[in-house]
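The values are calculated or read from the model by the stated rules, or taken from the named source; none is laboratory data. Nothing here was measured: the structure is a model prediction, and the numbers come from that model. Counting neighbours? That spans all protein chains shown, and the Cβs are built from the backbone with ideal geometry, glycine included. To get the accessible areas, we keep the full protein, side chains included, count just its heavy atoms, and leave off ligands, DNA and RNA. Shrake-Rupley method; radii C 1.70, N 1.55, O 1.52, S 1.80 Å.
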Amino acid sequence: MPDTPAVPTAPHGPEPPGGPPTALARLDALTSRPFPERRTPTDVGESGPGFHVAPLWASGPLWDADPADAATAREECTEQLAALVAVVSLRWGEPVVHDLTDALERSARGLPVPAPLDLLCTLVPRVYAWRDGGRWIAVGAGPLEPGQPRQVLGAVAARPSGEGEIPGGDDTPAP
């Protein structure tokens, strides 16, 4: 059985500016937006039929960052994700951890990957997902590429009847 990443733990102490309250407000805004008829960049991210993906928190550019600054950005991103997962879990319960490796491999081989997994798998290695009625909500942190800004992403997607937590993927309950 593959190792399942644990749900990140929230840091103790006051929330940093732009942290979970802001990220949660951005995630809530995504859940209330109607889905567009065709895939398009939006003022907050990218949307398409049945989905929205947007950054909820981001570090500054890290192209030529001092290694200590890059490490700090990585730690802050992990803390932001942990705090957001903790807050969202209070609303919708424990998340399902969804590893996006299979989606990334399928995409690299030119095989079809359903939206928004086709976008998410290029940005984050895994997401923490919850069901909310006919939609699923997911958050994840990345990037996959060194030097890219660290970010916490949010995704909201329609969940076709009969589908798992996230269309086209392997869902693993969080420990």
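Among (1) buried (at least 18 other Cβ atoms within 10 Å of the Cβ); (2) under 17 Å from residue 24 (Cβ atoms); (3) of a type outside the set (Phe, Trp, Tyr), there is one condition residue 55 misses while meeting the rest; what is its number?
Among (1) buried (at least 18 other Cβ atoms within 10 Å of the Cβ); (2) under 17 Å from residue 24 (Cβ atoms); (3) of a type outside the set (Phe, Trp, Tyr), residue 55 violates only (1).
Determine the pairs where a residue that is farther than 14 Å from residue 139 by Cα, located within the range 82-108, has a partner that is open to solvent by 70 Å² or more (accessible area, probe 1.4 Å) and of a type in the set (Asp, Glu) with Cβ atoms under 8 Å apart, the partner being 6 or more residues away or on another chain.
Going by the 8 Å Cβ cut-off, the qualifying pairs are 102/170.
With modelled with pLDDT of 90 or more and out of contact with any Lys or Arg (no Cβ under 6 Å at 6 or more places or on another chain) as the only criterion, which of 160, 125 stands out?
Working: 160 fails: modelled with pLDDT of 90 or more.
The unique qualifying residue is 125.
Yes or no, residue by residue, for (1) at pLDDT 90 or above; (2) of a type in the set (Asp, Glu); (3) touching a Pro at 6+ places or on another chain (Cβ under 9 Å):
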residue	(1), (2), (3)
67	no, no, no
96	yes, no, yes
108	yes, no, no
111	yes, no, no
130	yes, no, yes
145	no, yes, no
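I need the full set of residues from the range 124-142 which are within 16 Å of residue 29 (Cα to Cα) and among the small types (Gly, Ala, Ser), in order please.
Correct list: 138 only.
Every residue in the range 12-48 that is surrounded by fewer than 12 Cβ atoms within 10 Å (Cβ to Cβ) and modelled with pLDDT of 85 or more, please. Can you show your working first?
Step one: of the range 12-48, the residues surrounded by fewer than 12 Cβ atoms within 10 Å (Cβ to Cβ) are 12-14, 17, 25, 32, 34, 37-38, 40-41, 43.
Across the range 12-48, the qualifying residues are 25, 32, 34, 37, 38, 40, 41.
Quick one: how many residues across the range 102-134 are surrounded by fewer than 16 Cβ atoms within 10 Å (Cβ to Cβ), of a type in the set (Gly, Ala, Ser) and either touching a strand residue (DSSP E or B) at 6+ places or on another chain (Cβ under 8 Å) or under 21 Å from residue 85 (Cα atoms) (or both)?
Summing the residues that are surrounded by fewer than 16 Cβ atoms within 10 Å (Cβ to Cβ), of a type in the set (Gly, Ala, Ser) and either touching a strand residue (DSSP E or B) at 6+ places or on another chain (Cβ under 8 Å) or under 21 Å from residue 85 (Cα atoms) (or both) in the range 102-134 gives 2.
Only one of these conditions is not met by residue 81: (1) at pLDDT below 90; (2) of a type in the set (A, V, I, L, M, F, W, C); (3) in contact with a Pro (Cβ under 8 Å, 6 or more places away or on another chain). Which number is it?
(1)
Taking the condition over 16 Å from residue 24 (Cβ atoms), part of a loop (DSSP other than H, G, I, E, B) and of a type in the set (S, T, N, Q), does residue 78 pass?
On the way: over 16 Å from residue 24 (Cβ atoms): yes; part of a loop (DSSP other than H, G, I, E, B): no; of a type in the set (S, T, N, Q): yes.
For residue 78, the condition - over 16 Å from residue 24 (Cβ atoms), part of a loop (DSSP other than H, G, I, E, B) and of a type in the set (S, T, N, Q) - is not met.
Out of all the residues in the range 76-97, is one or more surrounded by 17 or more Cβ atoms within 10 Å (Cβ to Cβ), of a type in the set (Gly, Ala, Ser) and over 16 Å from the mean Cα position of the chain (by Cα)?
no
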